[in-house]
Amino acid sequence: MTLPTIGFNVVRIRHDSGLVLMVWDIGGQSKVRRLWRDYCKELEDAVGPEELAVVLDLDKHDDVFNCHVQPTCAITGTGIDEAVSMLANRIKARCDSSHP
């Protein structure tokens, strides 16, 4: 069982690869919600990961930017491990290639 966030929580997460991420958990109380716009975008017209990749034309830029859209859900945790692992692997690969 989880407890509601009061205010903001900032947590450092260390991935198995050694990558350390700073994650912000923003509370949902009405007095804090007005701050959401500074951290979140409205999701009224949200699209799925495949459609997002098409809308952003990621195939066209993948050779330059190494793009990837990872579907995730903060409520269920689905895709979070995969997203962090992908990020860690890409950061490690970039560091390894810049320090031969």
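Return the distance in nm (one decimal) between the two label points of a simple spin-label model at VAL69 and PHE8, each offset 7 Å from Cα along Cα→Cβ.
Reported label-point gap for VAL69 and PHE8 is 2.9 nm.
Using a simple charge model, +1 on the beta-carbon of Lys and Arg, -1 on the beta-carbon of Asp and Glu, nothing else, what dipole does the chain show about its Cα centre, in debye to the nearest 20?
The calculated dipole for the chain is roughly 700 debye.
Identify, among VAL69, VAL32, HIS99, the residue whose Cα sits farthest towards the positive end of the charge dipole of the chain, taking +1 on the Cβ of Lys and Arg and -1 on the Cβ of Asp and Glu, with the dipole about the Cα centre.
VAL32
Contact order normalised by length for the stretch 1-40, with contacts defined as Cα pairs under 8 Å and 6 or more residues apart; what percent is it?
It comes to 37 percent, rounded to a whole number.
Per the Debye formula with a single identical scatterer at each Cα and no solvent contribution, what log10 I(q)/I(0) holds for the chain at q = 0.21, 0.23 Å⁻¹?
For the chain, the Cα-only Debye profile gives -1.32, -1.35.
What ranking do 3-9, 21-27 get when scored by the average of other Cβ atoms within 10 Å per residue, highest first?
The peptides rank, most packed first, as 21-27, 3-9.
Could you give me the percent of Cα pairs per 10 Å distance bin for the stretch 44-100, shortest bin first, beginning at zero and ending with the bin that holds the maximum distance?
Over the stretch 44-100, the share of Cα pairs per 10 Å bin runs 20, 41, 32, 7, 0 percent.
Run the numbers on the chain and let me know its relative contact order in percent, using alpha-carbon pairs under 8 Å that are six or more apart.
18
Taken together, the values in this text are just the output of simple stated rules run on the coordinates, not laboratory data. If you're wondering where the values come from, they're calculated on a predicted model, not measured in any experiment. FYI the Cβ positions are ideal-geometry reconstructions off the backbone, even for glycines, and counts take in every protein chain you see.
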